[in-house]
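One structure is given below, encoded as structure tokens.
Read-outs throughout are calculated quantities, based only on the coordinates presented, and are distinct from any laboratory measurement. Everything numeric in this text was worked out from a predicted model, so none of it was measured. Every residue, glycine as well, gets a Cβ built from its backbone with ideal geometry; the counts of neighbours run over all protein chains shown.
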Amino acid sequence: MKHAINLSILTLFFFVLNSCKKEDAKSKTDLITQKTWMIQKVESKEGTNPWEDDFPNWDACSKDDRYIFRVNNTYEFNEGLTKCDPTDPQIFDSGSWAFTNNETKLLIGSDEFTIIALTETNLIISVQESVGGVAYQVQITFSNK
């Protein structure tokens, strides 16, 4: 009888344990489309030089811009609450976006970025650029907090 009770308790324990499964992890599409993003940092560096954050030098009217990625693979870059020029359109860029290369890259329009991190609250992407024949790495950090 004691064996039957222990077996019943053990069966009940496993039933409860299995019914309390962790929520499924969110897909990258879920993560990028669930909220509106804002830039927090724009860093650049040449070669092995240290990263330099240029975002503090941006105009305040550009710091509140909103970046929206939709489930239907369209994006909208929005002026946010303040415009640098009142005659500018509220939506300053829009088009299509997609994940590429096993979701390690983010294609926004015709520009492809490497995804450094994508979490519930942060998106960090990077790209190589060349200005005047000098190669730079640019890293952009977004937040949706």
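The mean of 1/r over all distinct Cα pairs in the stretch 17-145, once inverted, gives the Kirkwood hydrodynamic radius of 16.2 Å.
Calculate, for ALA135 and GLU112, the FRET efficiency according to 1/(1 + (r/R0)^6) with r their C-beta to C-beta distance and R0 22 Å; round to the nearest 0.05. Show your work: numbers first, answer last.
Working: r = 16 Å, r/R0 = 0.73.
My answer for the efficiency is 0.85.
The string of couplings for the stretch 79-92 from the Karplus curve (6.51, -1.76, 1.60, θ = phi - 60°) is 5, x, 6, 10, 10, 6, 10, x, 8, 5, x, 5, 9, 9 Hz, one whole number per residue in order, with x for Gly and Pro. Rounded to whole Å, the principal axis extents of the Cα atoms in the stretch 66-108 read 41, 17, 13, largest first. Remark: the stretch 126-143, residue by residue, has Karplus-estimated 3J(HN,Hα) of 9, 8, 8, 10, 10, 10, x, x, 9, 7, 10, 9, 10, 10, 10, 10, 10, 9 Hz, where x stands for each Gly or Pro and the curve is 6.51 cos²θ - 1.76 cosθ + 1.60 at θ = phi - 60°.
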